[in-house]
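**Student:** Handing you a structure now.
Coordinate-derived values only; no laboratory data. Bear in mind that the values here come from a model prediction, so they are computed numbers and not experimental data. Positions of Cβ are backbone-derived with ideal geometry, glycine not excepted, and every protein chain shown enters the neighbour counts.
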Amino acid sequence: METKFKKKTSIQLKFSLAVILLIIAIYLLIGKVVLDYEKEALTFEAKKRIITQLRFLAQSSQKLLLQPDPEFFLSPLLKRIMDEDKDILYAVVVDARGKIKGHPDMTKIDTIYKETCLVEADLVEDKNLAITSRLILKEKEELKETPESFHVSTPIYQKNLKLGTAYLGFSKQGINKILLATQNRIITITLIALLIGIIGSIFLVRFIIKPLKALAKGAQEISREDFDIILPIKSRDELGELTFTFNQMVRSLKEKQLMRYTFERYVTKEVADTILKNIEDVRLGGEQREVTTLFADIRGWTQITKELPAEKTVHLLNDFFTLMVEVIFKHEGTLAKFMGDGLMAIFGAPLCHKDDALRAVKTAMEMKEVLSQFNKDRKNPIDIGVGITSGEVIVGNIGSEKRMEYTAVGTRVNLAARLQALAEKGQILLDKDTYLKTAELVNALRLEPIMIKGLDEPIEIYEVRNLKQ
């Protein structure tokens, strides 16, 4: 299991790359659509232009082919046409037998015309412009296309007599230059948009990432159990909602941590963890339940305080409580309160055990043993008297709204306090209920019943001797 998260790629970089790729994809798509549209439009216009030139040439050649020596009239015409339109690659007029009668190069006159420029393998089938070509061409006119040029031809008739054929070749260089310029403009616009997109994405990502980084930092603080962090809500969108939820979680964790600290004042950390894991099963309000109550008090404390300065008195009392609380927690009891030089503990709340009464007795006996060790290095040894009772009491958070403590109240609690007051040094007194619950494991001496103020009948009490072997 990983104990530390290793970040490889930041979400800022991922988001920026995503935005950049999206911009590139959009502009590439737009560029392709624009180029295809412009190519189609330019091709259509070029075809109209060359067909117009072809028809003009055919009409002009119709009468000239009937003249004697037509080459002297046709060749200058063809040369003029080519001079006026630099995109025309060639212009040729042949008679019905295929002999050249019009050519810019007079040396070609009366030679058989071969369409050497129209190699079948180089022809391109123009599917996209099939409809527009049909709209441009008349019957018997022919248009062929290669990657670099257009080639058109049309027969020349005088009524039903075929006089010859006119041929024109048209270069695509002009179209390709325009398309290249358009492509360069699109690339330039794409690069500019990409630059703007990169800058924009950086600011956008920072705007989005900033609250996420704050959340990550807040989560790190929580991992260090610092629950005082509250993040400001700077927007009313999903990020704001996430921040709001985070703050609610922090408050909930803070309440649980406060509850944990509160429980750990009274019980062991393990018991506190158990309570918090099963918080639904634990009632923290006032409730009536059966518990065992223990009171312990230092005997002769007044005399001890007279013999010690105040600082040492406090130090002694703190050492005493530290030892006693450790013993209580060891047997999973709950510290209810400190009272001057004494303390109160309960067994059976908030968590109960089947042997809570026995746990209380063992706690009292171990308190005596711990104090015996504690007194070995002391000139003025201290000892305690302990009173323990069992029965139904009211337990819960008792106090004011500003200060509360988890404790128990009731007749059996008062009785435990009275037994502790009656106990001599080192004496552990039990009521009858506690004795009956522990009689199988504890040796106890029955003492004379006592009258307790507020009760009508004497109370049976027992003094603990030791645990049975």
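**Student:** Checking the table Lys337/Lys376; Lys337/Lys432; Lys48/Lys86; Lys48/Lys101 against a 21 Å threshold on Cα-Cα, which pairs fail? Write out the running numbers ahead of the final one.
**Tutor:** Details: Lys337/Lys376 28 Å; Lys337/Lys432 24 Å; Lys48/Lys86 16 Å; Lys48/Lys101 25 Å.
With Cα atoms farther than 21 Å apart: Lys337/Lys376; Lys337/Lys432; Lys48/Lys101.
**Student:** A further question on this structure: Cα centroids of the stretch 293-307 and the stretch 52-103: how far apart, whole angstrom?
**Tutor:** If we compute the Cα centre of each part, the gap is 135 Å.
**Student:** Right, another one. Can you put Asp356, Asp36, Asp95 in order, fewest other beta carbons within 10 Å first? Please report the intermediate quantities before stating the final value.
**Tutor:** Details: Asp356 22, Asp36 12, Asp95 19.
Sorted ascending by nearby Cβ count, the order is Asp36, Asp95, Asp356.
**Student:** Using label points projected 7 Å from each Cα along Cα→Cβ, tell me how many nm separate Phe56 and Thr111, to one decimal.
**Tutor:** With each label point 7 Å from Cα toward Cβ, the separation is 2.7 nm.
**Student:** Net charge near Ile109: determine it from the other residues with C-beta under 10 Å of the C-beta of Ile109, scoring Lys and Arg +1 and Asp and Glu -1.
**Tutor:** Working: positive: Lys99, Lys101, Lys108; negative: Asp69, Glu71, Asp105, Asp110.
Combined, the nearby Lys, Arg, Asp and Glu give -1.
**Student:** Starting at the first residue of the stretch 71-86, write each ³J(HN,Hα) from the Karplus equation 6.51 cos²θ - 1.76 cosθ + 1.60 with θ = phi - 60°, in whole Hz, x for Gly and Pro.
**Tutor:** Karplus values, whole Hz, x for Gly and Pro: 4, 6, 9, 6, 4, x, 4, 5, 5, 5, 4, 5, 5, 6, 10, 5.
**Student:** May I ask for the net charge around Glu457, where only other residues with Cβ less than 13 Å from the Cβ of Glu457 are counted and Lys, Arg are +1 while Asp, Glu are -1? Please list the in-between numbers first.
**Tutor:** Details: positive: Lys432, Lys453; negative: Asp431, Asp456, Glu460.
Within the 13 Å Cβ shell, the charges total -1.
**Student:** Go through the stretch 365-418 and name the GluC sites (Glu not before Pro) that are in a DSSP coil and have 15 or fewer other Cβ atoms within 10 Å of their Cβ.
**Tutor:** Glu401
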